[in-house]
Amino acid sequence: MSTGQQVNNGVGPVSFARRKVVGALAALGGVAIAPGLVLYEFAQAAPDAGKSTGASSKVRWGMLIDTTLCTPGCTACVDACRTENGLGPVTRATDVQWIRKVELKDRKTGAVQSAPVMCQHCAEPPCVDVCPTGASFKRADGIVLVDRHTCIGCRYCVMACPYMARSFVHEPITEQKTEVPRGKGCVESCTLCVQRVDRGSTPACVEACTAIDKGAMVFGDLNDPQSDIARRIRARASVQIRADLRLDTGVRYQGL
Amino acid sequence: MKLRLALLGLCLAAAAGAAGAGGTPKPMLEPARGGQCVAPPEVMRRDHPEMLKHQRDETVRGGVRGAASGAPAASLAQCVECHASKASGSVAARREDFCASCHAYAGVRLDCFECHTSKAKGAAR
């Protein structure tokens, strides 16, 4: 038994953990010595271009869908979603679906309405309530996501979601997009294109709808009274689907 | 007794043969592109799982893309970008590729690339 060997074994694996402890102590010292200064420095930290300093609870991302502008049969948003997130073409009924077109027909008048339905990004998401591992979570800015590192594929959330927004990946996946890692055995759903939102862009479905001059979908910050979406929902009545469940969805509909 | 000795001899010969072949082949690491890594090689070798795990929680849960306050960004995408093999454009497609060769040598299962792409963005798909 050599002492050198023992020392090596002792130092190696803890080095990262020890660095973290040292860092935490240093941070603690900073707070204790000059709390105001540290807070000021955090507030002043300017975000680098193309980088995101993190989701803020001051923001509540939401979407507004005007069904009067949405055409039955148009699948621009659905196609854009599949391309952006690398979902591939639908070959089976069990293939994942992050956004779908729903058509509503009034039986008495025969009038048809069409609207895309996806994860409604609830403020009180039932999928998060039922998740046994904490994989389903709501980000500070209101985007409801699945952390695939913790998802065990139990599909409780699929059952709990009143909007049937979640899908399960049954088959092994190859050719994932760099920004959208996905794998077999996990539940997934609309992420509001979080990878695009974090770099200041809008979700792919909204971009596609705007690109073909439909303009039926608007994305923005519901908390910012000056944003386009906030002004629109102020000017004209909008509804949340299944508002009776009081989930306070981030996706709202006009013309339903 | 003779038989026992013969068996012992045979075992020793087999062991010597295995040792002579060099055992597990050493990982063959292709030189990376992209200049300086986020930490020195000896730190990366030991701590890259912790660094990646830390960054993954920051990114997935907190929405922090790129570097968190002050710390270097341990981005898996950036690892792949610099270390992808010239031949396969990937870090784990073949046994000789950067991540795969070392993980095979260390006998540690590599499951990042069941969900994350192992191919560099620039690589031909």
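Numbers for the structure displayed
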quantity	calculated
A:Gly134 vs. criteria assigned to a loop (DSSP other than H, G, I, E, B) and within 16 Å of the chain's Cα centre (by Cα)	yes
Any hit, the stretch A:104-117, residues being among the basic types (Lys, Arg), under 30 Å from A:Gly255 (Cα atoms) and crowded, with 22+ Cβ neighbours inside 10 Å	no
Conditions (1) under 24 Å from A:Gly86 (Cα atoms); (2) modelled with pLDDT of 90 or more; (3) of a type outside the set (S, T, N, Q); (4) surrounded by 13 or more Cβ atoms within 10 Å (Cβ to Cβ): number failed by B:Asp47	(1)
Filter result (touching a residue at least 60 places away in the same chain (Cβ under 8 Å) and in a loop (DSSP other than H, G, I, E, B)) within the stretch A:58-73	A:Lys58, A:Val59, A:Arg60, A:Thr67, A:Thr68, A:Leu69, A:Cys70, A:Thr71
A:Ala93 vs. criteria more than 27 Å from A:Ala211 (Cα to Cα) and at pLDDT 95 or above	no
Residue among B:Ser85, B:Ser90 that alone is among the small types (Gly, Ala, Ser), touching a residue at least 40 places away in the same chain (Cβ under 8 Å) and within 19 Å of A:Thr178 (Cα to Cα)	B:Ser85
Test: residue in the stretch A:172-187 that is closer than 30 Å to B:Cys82 by Cβ, touching a Phe, Trp or Tyr at 6+ places or on another chain (Cβ under 8 Å) and either of a type in the set (A, V, I, L, M) or touching a residue at least 40 places away in the same chain (Cβ under 8 Å) (or both)	yes
One residue from A:Ala55, A:Ala46 being at pLDDT 90 or above and either within 14 Å of another protein chain (Cβ to nearest Cβ) or part of a loop (DSSP other than H, G, I, E, B) (or both)	A:Ala55
Options A:Ile229, A:Ile173: the member that is hydrophobic (A, V, I, L, M, F, W, C) and modelled with pLDDT under 95	A:Ile173
Count of the stretch B:100-111 residues which are in contact with a helix residue (DSSP H, G or I) (Cβ under 8 Å, 6 or more places away or on another chain) and surrounded by 21 or more Cβ atoms within 10 Å (Cβ to Cβ)	0
Filtered residues of the stretch A:176-191 (kept if more than 8 Å from chain B (Cβ to nearest Cβ) and either over 22 Å from A:Val251 (Cβ atoms) or of a type in the set (Val, Ile, Thr) (or both))	A:Val180, A:Gly185, A:Val187, A:Thr191
Residues of the stretch A:163-184 classified as surrounded by 15 or more Cβ atoms within 10 Å (Cβ to Cβ) and either outside the structural domain of A:Phe137 (by TED's automatic domain parsing) or assigned to a loop (DSSP other than H, G, I, E, B) (or both), total	11
Output for the stretch A:74-109, where each listed residue is closer than 16 Å to A:Arg166 by Cα and in a helix (DSSP H, G or I)	A:Val78, A:Cys81, A:Arg82
Considering residues of the stretch B:93-103 that are in contact (Cβ under 8 Å) with a residue 12 or more places away in the chain and touching a Ser or Thr at 6+ places or on another chain (Cβ under 8 Å) only, the residue nearest to B:Gln55 (Cα to Cα)	B:Cys99
Residue check, A:Ser114 more than 14 Å from chain B (Cβ to nearest Cβ), in contact (Cβ under 8 Å) with a residue 60 or more places away in the chain and touching a strand residue (DSSP E or B) at 6+ places or on another chain (Cβ under 8 Å)	no
Qualifying helices (runs of 4 or more DSSP H) (wholly inside the stretch B:26-125; at least 1 residues being within 11 Å of chain A (Cβ to nearest Cβ))	B:41-62, B:76-83
Restricting the stretch A:124-149 to residues that are surrounded by fewer than 17 Cβ atoms within 10 Å (Cβ to Cβ) and either free of Cβ contacts under 8 Å to residues at least 24 places away in the same chain or among the small types (Gly, Ala, Ser) (or both), the residue that is nearest to A:Leu64 (Cα to Cα)	A:Ala140
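The values are calculated or read from the model by the stated rules, or taken from the named source; none is laboratory data. None of the values given here were measured: they were computed from a predicted structure. Note that we place each Cβ from the backbone using ideal geometry, even for glycine, and neighbour counts take in every protein chain shown.
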